Amino acid sequence: MKNDLEIQADVLAELRWDPKINAPQIGVEVSNGVVTLSGYVESYLEKIGAEIAAKRVIGVGAIAQEIKVLLPGSSIRSDTEIARQIQSIISWSDIDPNDQIHIKVEKGFITLTGKVEAFHKKELAQQYATNMLGVTGICNLIEIEPKLTGSVIKKDIQDAFTRQAIDHAQKLDIMINHNIVTIAGRVKSWSERNSAINAAWSIPTVKNVIDRIQIA
């Protein structure tokens, strides 16, 4: 098992390896496997990229995200411009045909609310916002309100585990209550944990996923 200094060195190396991240601007501290990311970056996309990079490292048990976004002068845009662009992008996509997604922008911070039929549509709305110039942060409060229901959700999830070759899939407990899925058990890495959660969210009828998975 890695100690904190080894985890810190690996996270720093992973940040330096990723060309999309300005690693010298990011600080990394580790205590009992909990990684704290600090410092400054020039875009929200870079902030999220640093978090994703840290999660790729074996031994990372949790992330404390304290990186701040300081936009360079060329990236600063008015809240009205940001709101209009994200609204335009969502309108041209197929994720919100009934105009149920609502957008609020304050000092570059986007808050998304409303309802969509599936998790991937909620995720797409956030991805569109993440990639926009001038964004300093995102709070995604969009609710999942699926049209479909069914008794085969558990089998669909287990089949997805098998397709994705999740090593400990047979040891994960899957409980379903009113289309809310709870997954518990132990896996070996963040990658397996994320695969399990994403497999559950990929089922159109799933309204929420409660993550009780532990990383061994």
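The values are calculated or read from the model by the stated rules, or taken from the named source; none is laboratory data. Remember, predicted model here, so these are calculated numbers, not experimental data. Counting neighbours? That spans all protein chains shown, and the Cβs are built from the backbone with ideal geometry, glycine included. Note: accessible area is taken over every heavy atom of the protein model, side chains too, but ligands, DNA and RNA are not part of it. Shrake-Rupley method; radii C 1.70, N 1.55, O 1.52, S 1.80 Å.
Some observations on this one:
- Residue list for the stretch 32-56, filter: open to solvent by 70 Å² or more (accessible area, probe 1.4 Å) and farther than 24 Å from Ser75 by Cα: Asn32, Arg56
- Within the stretch 1-29, being closer than 15 Å to Trp190 by Cβ and β-branched (Val, Ile, Thr) holds for Ile7, Val11.
- The condition (being in contact (Cβ under 8 Å) with a residue 40 or more places away in the chain, closer than 24 Å to Ile180 by Cβ and surrounded by 19 or more Cβ atoms within 10 Å (Cβ to Cβ)) is satisfied by just one residue among Ala118, Ala125: Ala118.
- Selection count, the stretch 132-155, where residues are at pLDDT 70 or above and under 20 Å from Phe119 (Cβ atoms): 9
- When the stretch 87-98 is filtered for residues that are part of a loop (DSSP other than H, G, I, E, B) and at pLDDT 85 or above, the ones remaining, listed by number, are Ser93, Ile95.
- When the stretch 64-79 is limited to residues that are under 29 Å from Gln214 (Cα atoms) and open to solvent by 40 Å² or more (accessible area, probe 1.4 Å), the one that is nearest to the chain's Cα centre (by Cα) turns out to be Gln65.
- Residues that are assigned to a loop (DSSP other than H, G, I, E, B), open to solvent by 40 Å² or more (accessible area, probe 1.4 Å) and in contact with a strand residue (DSSP E or B) (Cβ under 8 Å, 6 or more places away or on another chain), drawn from the stretch 1-26: Asn22
- When the residues of the stretch 108-120 are filtered to those that are modelled with pLDDT of 90 or more and either of a type in the set (Ser, Thr, Tyr) or outside any strand (DSSP E or B) (or both), the one that is farthest from the chain's Cα centre (by Cα) is Gly108.
- None of Ala129, Ala125 is modelled with pLDDT of 90 or more, in a helix (DSSP H, G or I) and farther than 30 Å from Ala184 by Cβ except Ala129.
- Checked against (1) touching a strand residue (DSSP E or B) at 6+ places or on another chain (Cβ under 6 Å); (2) under 26 Å from Ile197 (Cα atoms), Arg56 passes all but condition (1).
- Residues in the stretch 83-107 that are more than 24 Å from Lys207 (Cβ to Cβ) and either more than 21 Å from the chain's Cα centre (by Cα) or surrounded by fewer than 20 Cβ atoms within 10 Å (Cβ to Cβ) (or both): Ala83, Arg84, Gln85, Gln87, Ser88, Ile89, Ser91, Trp92, Glu106, Lys107.
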